[in-house]
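First up is the structure itself, then whatever we jot down about it.
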Amino acid sequence: MTKHQSLLDTSNKLFAILTKELNVNTVYIARRDEKVMTVINARNEDRTIVTPSMQVSYDDSNCRYVHESSSGTQSFKNLMADPETKNRSITEQLQVKTFLGVTIQRMNGVPFGTLCIMDLKRRRLPMIRSPSSNRLLTYCLT
């Protein structure tokens, strides 16, 4: 049993629901370490964009925008056209447009990482800005 087995089991169920209900290609959870974001689990529907164990430096990651947001969430309608993200290497590498990320915290309030949703096309996604949504994710995923 892996260190994050309960996280993997729960996230697999959550990912199946999110990809279907939001009609998106990719949902993943990334753990934040001091200098790197490591994908713990991912689900890709039509095209593989993110894989488990994939690592991106924290400064280059889209997750950085999530963690730096006062609301603990961040979305981009088109990463490839947004002035803040269009010239970044990760944008070029992944070739996705839609991005939505939500901070995941451990039960003690310490940040764990992010739950992220991505798609190759522009998608209209609901914003998750309420603290109760983040608490629910914390409870479900840790």
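The values are calculated or read from the model by the stated rules, or taken from the named source; none is laboratory data. All of these numbers come straight from a predicted model, not from anything done at the bench. Cβ coordinates were reconstructed from backbone atoms using ideal geometry, including for glycine residues, and neighbour counts include every protein chain displayed.
Here is how the numbers come out for the structure above:
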{"item": "Residues (surrounded by 20 or more Cβ atoms within 10 Å (Cβ to Cβ) and modelled with pLDDT under 90) located in region 59-72", "result": "G72"}
{"item": "Odd one out for L79 among (1) of a type outside the set (D, E, K, R); (2) within 22 Å of N12 (Cα to Cα); (3) crowded, with 17+ Cβ neighbours inside 10 Å; (4) modelled with pLDDT of 95 or more", "result": "(2)"}
{"item": "Of residues in region 92-109 being within 11 Å of the chain's Cα centre (by Cα) and over 15 Å from D82 (Cα atoms), the one surrounded by the most Cβ atoms within 10 Å (Cβ to Cβ)", "result": "G101"}
{"item": "Hits in region 80-121 (condition: part of a strand (DSSP E or B) and either touching an Asp or Glu at 6+ places or on another chain (Cβ under 6 Å) or among the small types (G, A, S) (or both))", "result": "T98, G101, G113"}
{"item": "Count of residues meeting criterion [β-branched (V, I, T), buried (at least 20 other Cβ atoms within 10 Å of the Cβ) and in a loop (DSSP other than H, G, I, E, B)] in region 24-58", "result": "2"}
{"item": "Number of the condition not met by I49 [criteria: (1) in contact with a Leu (Cβ under 6 Å, 6 or more places away or on another chain); (2) modelled with pLDDT under 95]", "result": "(2)"}
{"item": "Positions within region 97-116 being touching a residue at least 40 places away in the same chain (Cβ under 8 Å) and within 17 Å of Q55 (Cα to Cα), in sequence order", "result": "F112, G113, T114, L115, C116"}
